[in-house]
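Below is one structure; the comments refer to it alone.
The values are calculated or read from the model by the stated rules, or taken from the named source; none is laboratory data. Source: prediction; values computed, not measured. Please note: Cβ atoms are built from the backbone with ideal geometry, for glycine as well, and neighbour counts cover all protein chains shown. Surface accessibility is based on the protein's heavy atoms, side chains included, excluding ligands, DNA and RNA. Shrake-Rupley method; radii C 1.70, N 1.55, O 1.52, S 1.80 Å.
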Amino acid sequence: EETSQTTTTQEQTEEEEEEEEEEEEKPKYQVKSTPLTSHFTTQIRHTLTCDSCCYSRSHVEYYNHLSLEVMEEEDGTSSIEEGLRKFLAEEKRELKCEKCYHESATQKMEIVKLPKALLLHLKRFIVDFSPCYTNVSYRKNRSAVEFPQALSLYNSSHSSPSSAGKAVVVPMEEENVNGVLGEFLARDVIIPSMSSMASTTENDTQDDDEDDANVTQEDDMEEEEEDGDNNDEVSIQRYSLRSTVHHIGSTASCGHYTADALRPYNNDDDNHKKKSQNNDAQWTRFNDSYVSTISDSQATGLSAQRTTYMVMYELQ
């Protein structure tokens, strides 16, 4: 009888631990589906692992934009890729383990749901405190930040969940496309389907069921198998540069905001026959009420890199 009671107690303890782990995996709060959340929200899982007993717990956090560090000019040139790696990098944390009471842990971040549009904010405005914290000053970091034309979800260092058993197709012209996001994708990552993105574009006011609007990488693989086309190949999705916001000004206390966007034009229009990297699109600058077309170098060159405040990529 004592043995049976002990076994029952152990089973109950194991069940309780499993329930605790399931609860930890769930988001702390549910975000209502809106055009904003369905288009811009990135979900990132934070996992804390004890450095002693390896006990881990996790939770999911929601981001409508990612804020990236900008290096000081004397320290070198910053880049979007470098900023993303710093944002998502593993980090040592000082906290007490609830199991063994060890006082340090490692935090790991991985993306569990990608947005249709990835919005990146650059930390250009800096708050400085005096040594005694009696004076506060503000300044602007005017260092150049390089932003690539595309961010690939492919990472050659490890196998992608959707590429298991299939050949991964990386077009020759995209061999140098940076795959920094692929380094931090969870195995169960959810990627918006191209069909759901198209329907959302046609009717932004329509409420979408996220379960229908998004598919996991494994679901993508199953759909490709059903199509019958390219059954042995998997295409790599990527984010393409779509727009930027600039702060024109030398200080944090004053300045002017403008926006540049890659906007499609009718190729037959004689007023817009300039060719950009996308044959059917042209960089367009919005400066208050004045709207004008600009060249690729004006939109992404060194001058633009020094004033860029926000960058938006759209999933292709």
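Looking across the range 118-133, the residues that are closer than 30 Å to residue 237 by Cβ and open to solvent by 40 Å² or more (accessible area, probe 1.4 Å) come down to 119, 123. Restricting the search to the range 99-130, which residues are part of a strand (DSSP E or B) and touching a His at 6+ places or on another chain (Cβ under 8 Å)? Hits for the range 99-130 are 107, 108, 109, 117, 119, 120, 121. Does the range 15-28 include one or more residues that are in contact with a helix residue (DSSP H, G or I) (Cβ under 6 Å, 6 or more places away or on another chain), in a loop (DSSP other than H, G, I, E, B), surrounded by 12 or more Cβ atoms within 10 Å (Cβ to Cβ) and modelled with pLDDT under 95? Checking the range 15-28: not a single residue is in contact with a helix residue (DSSP H, G or I) (Cβ under 6 Å, 6 or more places away or on another chain), in a loop (DSSP other than H, G, I, E, B), surrounded by 12 or more Cβ atoms within 10 Å (Cβ to Cβ) and modelled with pLDDT under 95. Hey, residue 84 hits all of (1) at pLDDT 85 or above; (2) open to solvent by 40 Å² or more (accessible area, probe 1.4 Å); (3) outside any loop (DSSP other than H, G, I, E, B) but one; which does it fall short on? Residue 84 satisfies every listed condition except (2). Within the range 100-108, does at least one residue satisfy the condition of being at pLDDT 90 or above, more than 26 Å from residue 54 (Cα to Cα) and under 19 Å from the mean Cα position of the chain (by Cα)? Scanning the range 100-108, I find no residue that is at pLDDT 90 or above, more than 26 Å from residue 54 (Cα to Cα) and under 19 Å from the mean Cα position of the chain (by Cα), so the answer is no. Candidates are the residues of the range 32-80 that are in contact with a Leu (Cβ under 8 Å, 6 or more places away or on another chain) and assigned to a helix (DSSP H, G or I); the one that is nearest to residue 303 (Cα to Cα) is 80. Cβ separations smaller than 7 Å between residues 6+ apart or across chains give the following pairs from the range 293-316 residues that are open to solvent by less than 10 Å² (accessible area, probe 1.4 Å) to residues that are part of a helix (DSSP H, G or I): 304/298; 311/80; 315/197.
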